[in-house]
Amino acid sequence: MMYRLVLLLTIVLLAACGGSTAESDLTPEEEASHTARRLYQALYQGDCETFLDSRLTAGEMPTSYRKAMLTNLKQHVAKTRDMHRGVGSIEVSHAVMDSTLHIMQVFLILNYADATKEEIVVPMVESNGEWKMK
């Protein structure tokens, strides 16, 4: 009987410890990559505010500059829809830490709906425990 109880507790503990990877278990490269991918997905889904707010200097932007940036981002998304029928998916290629500049270079592959692909580099920096676009 005691053996079954110990076995049951072991199974419960293993199940509780297993499962999805916690954010803190990710490497800095993985954290920056996930953030960059999520932000570009938001951009191409039309959430330009979230994309802009995730820039390192977002809090320092004058209102007029912020409005101009939002207009430019919306125009970029519209142009992408016109030229490539939008972005179908975004993949992380890889990420490289530049220890000299303290910037994580995240390489994303934009898979457009018209079957073309483009690789872009997103410089990311860690600020107060969060990854932001440079």
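With respect to ARG81, is the statement that it is out of contact with any Lys or Arg (no Cβ under 6 Å at 6 or more places or on another chain) and open to solvent by 60 Å² or more (accessible area, probe 1.4 Å) true? In short, yes. Screening THR57 on (1) surrounded by 12 or more Cβ atoms within 10 Å (Cβ to Cβ); (2) without any contact (Cβ under 8 Å) to a residue 24 or more places away in the chain; (3) β-branched (Val, Ile, Thr) shows it passes everything except condition (1).
The values are calculated or read from the model by the stated rules, or taken from the named source; none is laboratory data. The shown structure was predicted, so the numbers you read here are calculated from the model rather than taken from an experiment. Don't worry about glycine lacking a Cβ; one is built from the backbone with ideal geometry, like all the others, and counts go over all protein chains shown. The accessibility values were calculated without ligands, DNA or RNA, using every heavy atom of the protein model including side chains. Shrake-Rupley method; radii C 1.70, N 1.55, O 1.52, S 1.80 Å.
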